[in-house]
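Reading through the structure tokens given below for one structure.
Each value in this text was obtained by applying a stated rule to the coordinates, not by laboratory testing. The structure presented is a predicted model; accordingly, all values stated were derived computationally and were not measured. Methodologically, a virtual Cβ is constructed for each residue, glycine included, from the backbone with ideal geometry; neighbour enumeration extends over all protein chains shown.
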Amino acid sequence: MYKIFLTFILSILILQYASATTADEAGSLIPPADFQAFDTPNDNAKSVSLRWPSSPSESAAAEYVVYASLRKNTPFITEVLRINSKTMYEEGSDSNFHYVEIKPGKFFNKDSDVTGGRSSYFFKLVMMSNSENVTVNEIASATPKGNWFNWKKLNNFIILITFSALVFWFIEHAKKNPNLYLRKISGLDAIDDALGRATEMGKPVLYVHGLNGMGSISTIAAVNILGRIAIRVAEYDTTLKVSNIDPIVMSVSQEVVKESYLEAGRPDAYVQDNVFMAASEQFPYVAAVSGIMIREKTAANFFMGYFYAESLILAETGASTGAIQIAATDSYTQLPFFITTCDYTLIGEELYAASAYLSREPLLLGSLRAQDIAKGIIISALVIGAALATVGIGFISFLFKAS
Amino acid sequence: MERLLRIDRRIIFAFVAAAVTIPLLIKFDLPVPATKEVRGIYDKIDSLPEGSHVLIAFDYDPASKEELQPMAVALLHHCFKNNIKVVGMTLNPGGTGLADSAITEVGKEYGREYKEDYVFLGYKTGVELVMINMGENIYSAFPKDFSGNATADLPVLKGVQSLQDFDFVVDLASGSSIEAWIAFGKEKYNFDLGAGCTAVIGPDMYPFLQSKQIDGLMSGLKGAAEYETLIERKSSAVAGMSPQSVVHVLVVLFVIFGNFLYFMTGRKK
Amino acid sequence: MNFFKRTIPLIIAFIMGIMMAFQYYVPHEASQSLLKVVTRWGITIAGFAVFIGAYSLFHLHWNKIKRKVPGWGYSTFVFFGAGITIIFGLYNGGEFFLHDKQEGTMFDWMYFNVQVPAGATMFSILAFFMASAAYRTFRARTSEATILLIAAVIVMLGRVPVGALIWEYLPPIADWIMSVPNMAAKRGILIGVSIGAIATSLRIIFGIERAYLGGGD
């Protein structure tokens, strides 16, 4: 009897303890110990960052909710964030801190409560579950400010300054030592042969611009080459036809060709209608240029610039007329088509090097040498960085990390 | 054999024409398993909750319609089926008609309302400049939609101020607009980007896939066919796989035959 | 005259080039506002450039018709095509250009039944030219060309459904070729082209490269 009574009393005590423990587990949200708000660095004053340490009571059933207000003492009713408590951890904090960027301007009228020209925002963090809400005691506040430099892009900026310095140094070096070595580019050496052939046959030379506008580096490079070709064409008294797809490129080409004819002492030979806009769309352009090639039986075709799918149609049509063809493009996907159908092809940056190659001006040669040095530095960084990264040293990768 | 090497190209054209036409007449199905590149776009759209906003840039012209329009239609089917709000625009003037017809026809099929569930903003000149403008304020870039409605009043654009507010952006491009979207859109305004392109510029996009600058890539008609298979709605892209396969085999046979003749004539000499 | 043709454009190129280069690193609202203003000017200028192109096109073909040069008949189609497109575009299904664009007009009909098929037809010529170029020029002349040919055959077959039917490993090998050697080559060219583009841009900003101004120094 005594034993039964003792068992009964012990059971009641154990049950009470168990239910108390269960009650603790169910209602035991522990709010984070701290809550900070600050201006998001490297931004344009539209964002505020919120940061708080992880709570030991985080679970899939709990959420963090942030309310905002324009004044510290008014009710916090505007919800600006609601996330699951096990998400949005700060990078590198090993899940010990949460970090979120929010744009308060999306929730508040810009003109209300301006403090010194800029709105301050107040934030309250609440941890919620189905049965309980707990609020962090501190009200955090921040004033978003625009930053004058994006420090995440510092590596990019340093590379830009270094490379620019390299370009200018080598330009100065080239002025003192103008005989810089340039490897042979067969396509550019063949220009004279192509023009000579056209002159002998009495047929026109066709210069085809790529599809990009004047803002594209390849178009600027192509215009450079056009200038040199136009001088030769003027000297040989051959007809030069320049087709364009962009009106601004056409205007620039007209000026370039006119100046070239003037420089060659043949301003009378310049015909403005020979530098024309063939069409404004890709495939009408192809149809127009193909028609010119077949009707006028051009002796030499130059494809210079950035091309798309039309490259093969142009080059095949030109090949079928028996013209000598020289192509120069930085369009990676069209290179195989030009290589198979043209007599000479300038690949990628050989197009950009053309102006330096043809003119041999020290200013241009110097920048070409700087390009090569920069490429050498990048290749070294790639090889060394890959080797280091393989053994777990990510220093070089970190240096070149994009923001 | 020398004559065969210098054969009239029109005979080759005739073979290609037959290789395209005959499979279309004698229909046969080929399996089109989805690659992980195409899955990237599919999984992303599938993961979006109802009411999310997806921007589709129809940056192609009629010449690329055969490859890109099936992609656009498949994407639209997927979005409308999942109750996702679709905002369309184009940076290619030739593409407005195609984009408008695709978005309207597919929207109607699912009973979606223009202005409520989808909108077509139309065309704006400037490519990169338009992207930067949209990145700052979409209403300043497109004050009116293609039909002339003020964009600020459109229910479908509620909650969207700029490119950053889109849950996913897909660029269907026949030119270099994908690179522009990466450089002037995603890099500056940080949104998820997917791409669809013609098969010719597909290889150009692989570095961006690997560096995760685009979440997925549909390349050419096969990419469109894979997407149609994923959404279980086989249409023109899947139907195009049989002639495409036959032509590819034919070109390979031409290459092998041409090299065979080349070596044979070489040995004879 | 040289001051307006040379000096002022060079000063504009220098100031705008430096400003927009540094704008990339400055997140401040002032920098973003500058970007917005510059982009709006860019869009406006690009829009006006359309008129220059249209003038050149019409002027060239008008001269061909006037002088009755061989093939002048084709030039009449330029005016015919442009003319009816403009007329129907402005007519706008009876609503004229003062109202928003109407659906199902003659303009739409011409777009879907003339422009779309014509553009698609031109693009489809590629398939024929590709086959012709492959037969004529893809030769295994050297060992490198042979490797290239083999890779091309694998990729051509591996990228279509029939490849998996021919050999189950064709598609994964084709994917590997696209993802590894192809991407390595693409990256190499991209790095070189990007460095070249930066150097060319620096030359333009600092006035070393002046060809875009219209020849001469």
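With 10 angstrom as the radius, rank B:HIS248, A:HIS98 by how many other C-beta atoms surround their C-beta, starting from the fewest.
The fewest-first ordering by Cβ neighbours comes to B:HIS248, A:HIS98.
Rank the residues A:ASP273, C:ASP175, A:ASP246 as a footprinting-exposure proxy: fewest other Cβ atoms within 10 Å of their Cβ go first. It would help to have the intermediate numbers written out before the result.
Numbers: A:ASP273 13, C:ASP175 17, A:ASP246 26.
Ranked by crowding around the Cβ, least crowded first: A:ASP273, C:ASP175, A:ASP246.
Tell me whether chain C comes out rounded, prolate or oblate; compute the Cα gyration tensor, take square roots of the eigenvalues as a ≥ b ≥ c, and use a/c under 1.5 as the rounded threshold.
Oblate, because a/c is 1.5 or more while a/b does not exceed b/c.
So for the protein assembly as shown, taking the charge dipole from beta-carbon charges (+1 Lys/Arg, -1 Asp/Glu), which of B:ALA63, A:SER69, A:TRP151 sits furthest toward the positive end?
B:ALA63
Output the 0 to 90 degree angle, nearest 10, between the alpha-carbon long axis of helix A:349-359 and the longest principal axis computed from the alpha carbons of chain A.
That works out to roughly 40 degrees.
If we count every other residue with Cβ under 11 angstrom of A:SER260's Cβ, Lys/Arg +1 and Asp/Glu -1, where does the sum land?
On the way: positive: A:ARG228, A:ARG232, A:LYS258, A:ARG266; negative: A:GLU235, A:GLU255, A:GLU259, A:GLU263.
Neighbour charge sum, excluding A:SER260 itself: 0.
Given the pairs A:LYS401/B:LYS188; B:LYS158/C:LYS36; A:LYS106/A:LYS145; A:LYS106/B:LYS44; A:LYS103/A:LYS145; A:LYS86/A:LYS145, which are separated by over 19 angstrom at their Cα positions? It would help to have the intermediate numbers written out before the result.
Details: A:LYS401/B:LYS188 16 Å; B:LYS158/C:LYS36 23 Å; A:LYS106/A:LYS145 16 Å; A:LYS106/B:LYS44 25 Å; A:LYS103/A:LYS145 12 Å; A:LYS86/A:LYS145 30 Å.
Cα-Cα > 19 Å for B:LYS158/C:LYS36; A:LYS106/B:LYS44; A:LYS86/A:LYS145; rest within.
Before anything else, pin down the relative contact order of segment C:1-106: Cα pairs under 8 Å, at least 6 apart, normalised by residue count, whole percent. Spell out each step's value before the answer.
Numbers: 30 pairs, mean separation 11.3, N = 106.
Reported as a whole number, the value is 11 percent.
What does the charge dipole of chain A about its Cα centre add up to, to the nearest 20 debye, if the Cβ of each Lys and Arg holds +1 and the Cβ of each Asp and Glu holds -1?
Roughly 640 debye, rounded to the nearest 20.
Residues of C:137-150, mean number of Cβ from any other protein chain within 10 Å of their own Cβ, rounded to a whole number?
3
Once you keep just the Cα pairs under 8 angstrom separated by 6 or more residues, what percentage relative contact order results for segment B:36-239? Display every interim value, and only then the final one.
Working: 412 pairs, mean separation 54.4, N = 204.
Worked out over segment B:36-239, it gives 27 percent.
Taking H placed 1.01 Å from N in the peptide plane, check which residues at least 5 places from B:ASN92 or on another chain put their amide H under 5 Å from its amide H.
Under 5 Å from the amide H of B:ASN92: B:TYR60.
GluC sites (Glu not before Pro), restricted to segment B:161-269: which are DSSP loop and have at most 12 other Cβ atoms within 10 Å?
Sparse-neighbourhood loop GluC sites (Glu not before Pro): B:GLU232.
Work from the charge dipole of the protein assembly as shown (Cβ charges, +1 for Lys and Arg, -1 for Asp and Glu, about the Cα centre) and give the residue of C:VAL26, B:GLY202, A:SER243 farthest towards its positive end.
The residue sitting farthest along the positive end of the dipole is A:SER243.
Computed from the mean reciprocal separation of all distinct C-alpha pairs, what Kirkwood hydrodynamic radius does chain A have, in Å?
Over chain A, the inverse of the mean reciprocal pair distance is 27.8 Å.
Neighbour counts of other C-beta atoms within 10 Å: give me A:PHE400, C:PHE129, C:PHE80 arranged from fewest to most.
By the 10 Å Cβ count, ascending: C:PHE80, A:PHE400, C:PHE129.
Answer rounded, prolate or oblate for segment C:1-111, using the Cα gyration tensor with square roots of eigenvalues a ≥ b ≥ c: rounded when a/c is under 1.5, else prolate when a/b is larger than b/c, else oblate.
Note, shape of segment C:1-111 comes out oblate.
Quick one: of the DSSP bridges fully inside chain A, what percent are antiparallel, nearest 5? Before the final figure, lay out each step's value.
Details: 33 of 54 bridges.
Bridges in chain A are about 60 percent antiparallel.
Counting pairs of alpha carbon atoms under 8 Å apart in space and at least six apart in sequence, what relative contact order in percent does chain A give?
14 percent
Using only helices, what value at 222 nm comes out for chain B when you add -39,500 (n - 2.57) per DSSP H run of length 4 or more and divide by the total residues, to the nearest 500 deg cm²/dmol? Present the calculation step by step, with values, prior to reporting the outcome.
Working: 12 runs with 129 residues, N = 269.
That comes out to -14500 deg cm²/dmol.
Let me have the 222 nm mean residue ellipticity of chain C computed from DSSP H runs of 4+ only, each contributing -39500 (n - 2.57), with the sum over all residues rounded to the nearest 500.
-24500 deg cm²/dmol
Once the Cα atoms of helix A:362-390 and of chain A are each reduced to a long axis, what angle between those two axes, in degrees from 0 to 90 to the nearest 10, is obtained?
40 degrees
On a full-extension model of 0.36 nm per residue, what is the gain between A:LYS72 and A:SER320, subtracting their alpha-carbon distance, rounded to one decimal in nm?
Result: 81.4 nm gained on full extension.
Given charges of +1 on the Cβ of Lys and Arg and -1 on the Cβ of Asp and Glu, with all other atoms neutral, how large is the dipole of chain B about its Cα centre, in debye to the nearest 20? Numbers along the way, then the final one.
Values: 26 positive and 32 negative charges, 290 e Å.
Once rounded to the nearest 20, the dipole reads 1400 debye.
Once you order the gyration tensor axes a ≥ b ≥ c over the Cα atoms, which shape class does chain B get: rounded for a/c under 1.5, otherwise prolate or oblate by comparing a/b with b/c? Walk me through the intermediate numbers first.
Details: a/c = 2.39, a/b = 2.04, b/c = 1.17.
Prolate is the answer for chain B, as a/c is 1.5 or above and a/b outweighs b/c.
Please compute, for peptide B:254-261, the average count of beta-carbon atoms on other protein chains lying within 10 Å of each residue's beta-carbon.
The shielding value for this peptide is 5.
Using only Cα atoms, find the angle between the long axis of helix B:220-230 and the longest principal axis of chain B, and express it within 0 to 90 degrees, rounded to the nearest 10.
60 degrees
Among the lysines in segment A:182-352, how many pairs, 8 or more places apart or on different chains, have alpha carbons under 23 Å apart?
The result is 5.
Which helices count as membrane-span-like in chain C under these terms: full DSSP H, at least 27 Å along the axis by C-alpha, Kyte-Doolittle mean of 0.5 or more?
Helices meeting the criterion: C:72-91, C:116-137, C:181-205.
Name the residue from C:GLY17, C:ALA211, C:THR85 whose Cα lies farthest towards the positive end of the charge dipole of the protein assembly as shown, charges +1 on Cβ of Lys and Arg and -1 on Cβ of Asp and Glu.
Value: C:ALA211.
How well do other chains shield peptide A:343-350, expressed as the mean number of their Cβ atoms within 10 Å of each residue Cβ? List each step's numbers first, then the result.
On the way: counts 0, 0, 0, 0, 3, 7, 10, 2.
Mean shielding by partner chains, rounded to a whole number: 3.
Any idea what the dipole of the protein assembly as shown comes to, in debye rounded to 20, about its Cα centre with Lys/Arg Cβ at +1 and Asp/Glu Cβ at -1? Each step should come with its number before you reach the end.
Numbers: 75 positive and 81 negative charges, 452 e Å.
Roughly 2180 debye, rounded to the nearest 20.
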